[in-house]
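FYI, it's all coordinate maths here, none of it is from the lab. These numbers come from a predicted model, not from an experiment. Counting neighbours? That spans all protein chains shown, and the Cβs are built from the backbone with ideal geometry, glycine included.
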Amino acid sequence: MTTLTDKLFGRERRELKIVFALVVLTLSAVLLYPLGCVLFQSILDGNGSLTLANYTSLLSEPRFWNALSNSFAVSGLSAVIAAVLAFGCAYGLHFTRLNPWAKKVFQIVILLPLFLPSITYGFAVIYSFGRLGLVSQIFGVLPFSIYGFWGLLIADVIYTLPPAFLILSNAFHYIDRNTITVSRLMGDSPWRTFYISALRPVVGALCSAFILSFFLSFTDFGIPVSIAGQYDVIATELYTTMMGAVPDFGRGAVIAMAMLVPSIASVMLLKYVERFNFRYNRINYQPPARNRVRDALFAGYYVIIAAVLLSVFAVMFVVPFVEQWPYKPVFTLDVISRILSDSVVWEVYGNSVGVALASAVTGTLLCYAAAMVNARSQLKGWCRTTMDSFAMLTNTVPGMVLGIGFLFAMSGTMLANTFAILVLVNLVHFFTSPYLMATSALSKMNAGWETTGALMGDSWLKTVMRVVVPNSAATLWQMFQYMFVSSMVTISAVVFLSGARTMLITTKIKELQYFEKFEEIFVLSLLIFFTNVAVKLICDALAERARKNPQGGLIQSIMRRLSSSRTPTLSPVSTGA
């Protein structure tokens, strides 16, 4: 006997099954297949026979273990420093009475590195703290070489500080301030109150900040290639093996597989530390008590952090506008005019913007479709688990490993050396965060909208386009922004796939490094920076407009036109045997 529920949700299930199948096929083709190619390549010898010789040969090399231990050392120490600094920054924002305007300015400053490619950090550190650097000219030369371990450490801390800060700032936002009052009434010491009210509730987030910082440092390629010098790390070892005078694909595949081990361990640890997160039944946001000494100390702390960050990246705004740094520090526009008059600069800029736009559009659609299956479907539980598994897997695989996988999988196909392959690798590389954004937003919406639409005779797709999508427009703009900015700054995932015809700004910067054209490097970095800032401001404005007026705005009007012109309205559903 056919029930009303079956009729109401029958078409929804059919359409969601199609969406589920498309998402699974897409992610399998651009994630599982390339990873399978890396694994297969790692067990092939020069004659095409299966063997473990690649593994035994690599694991017996002292050079490999030296690079691996160096990566663990610099990534571990930078992760500790970044997590501690981020904790102090986030704590001050939520537990001090500093001027809100000052807090907002500091938040902007600490998040500025997110809009630049990691390869720029290394060059900025060299030009700031090197022997003839901007900071060294003012305060004196550092007592250690900026190339190698110390340069990597400084750049990695700058690179991982913003994401660690975001994690901890979000965690502090959900702390109940009543614990401070209760602790003081109980006669606890200031340190005991600090532990109960601030440290213990965010232990899970603090561990997550450390693990994420370690993962980002360990798998990053941009910083080591610009400043590591003779200090070998696993990322540069992989690049040298794959792109050297005599490429060794078998050895490179084994190194790529080795990079997956700490990555998988990092994700497993992230899942484990979630149990340490506090959950309050009710959150009190009462302002902290006034304390001039505390606020003054944190104000000084913020000034130091901001000064260091700005001093590192200020060089980008200085070098292109002087005649010759540091020998002729005379203001001139000739250098930047000469660089911007080069058609190649605008060609690679256009390539980067085009790839970022395509990645943002397709990535947002794919992530939103996957989130619909998870958060708003009547499909079986294993379908939702599959979406979560893909999200976890994409979050585990380093960009360089993805790039190697695409190189093996797409070599000799029509996708090789095209912009499409760059879009696809970005799509899978940055899948996790937009997917989680969409899942969180969709799960909080009214669960009865689709049922109501079905009762009124609308198809599931029309209800989604006219009701669900417009009410999640703000999240869609955030997803688009994340995908665009990430695609503009990435280098690890595209360094193996970008050719002369498909060169992006980040890979062009890598090329300019060999010719020591640092003025051009900083100009290209500024183009990326200003483009990302502009996109963020536009997306933030559109998202805010969508929050204030859920039925107005660009996405809402597009959805209404599509649903009215292309999606037929179903006839009313009737009950019957």
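For residue 332, the amide hydrogen comes within under 5 Å of the amide hydrogens of 322, 323, counting only partners 5 or more places away or on other chains and with H modelled in the peptide plane. Here are several values of mean projected area of the Cα convex hull in nm²: (i) 32.2; (ii) 34.7; (iii) 28.8. Which one was derived from the coordinates shown? Recomputing mean projected area of the Cα convex hull in nm² here picks out (i). Taking amide hydrogens as placed 1.01 Å from N in the peptide plane, the amide H of residue 44 sits under 5 Å from those of 51, each at least 5 positions away in sequence or on another chain. The order of 443, 498, going from fewest to most other C-beta atoms within 10 Å of their C-beta, is 443, 498.
Of the residues 340, 50, 93, the one with the fewest other Cβ atoms within 10 Å heads the list, and the complete ranking is 50, 340, 93. Ordering of 400-406, 309-315, 62-68 by packing is 400-406, 309-315, 62-68, highest average first (other Cβ atoms within 10 Å, averaged per residue).
Helix-only arithmetic for the chain: the sum of -39500 (n - 2.57) across DSSP H runs with n ≥ 4, divided by the residue total, places the mean residue ellipticity at 222 nm at -22500 deg cm²/dmol.
Per-residue Cβ neighbour counts within 10 Å put 346, 150 in the sequence 346, 150, beginning with the fewest. Summary of the geometry: segment 120-193 and segment 301-369, compared by the centres of their Cα atoms, lie 23 Å apart. When the listed pairs 17/380; 328/517; 104/536; 104/444 are checked against a 22 Å cut-off, the alpha-carbon distance exceeds it for 104/444.
3J(HN,Hα) along segment 89-104, derived from phi through the Karplus expression 6.51 cos²θ - 1.76 cosθ + 1.60 where θ = phi - 60°, amounts to 5, 5, 4, x, 5, 9, 10, 10, 10, 5, 4, x, 5, 5, 5, 5 Hz, with x in place of Gly and Pro. Rounded to the nearest Hz, the phi-derived 3J(HN,Hα) couplings of segment 307-318 under the Karplus curve 6.51 cos²θ - 1.76 cosθ + 1.60 (θ = phi - 60°) are 5, 5, 4, 5, 5, 5, 8, 4, 4, 5, 8, 10, where x marks glycine and proline. The listed peptides 469-480, 216-227, 238-249, ordered by packing as a protection proxy, come out as 216-227, 469-480, 238-249 (highest mean of other Cβ atoms within 10 Å first). With q set to 0.21 Å⁻¹, the log10 of I(q)/I(0) for segment 341-477, from the Debye formula over equal scatterers at the Cα positions, is -1.23.
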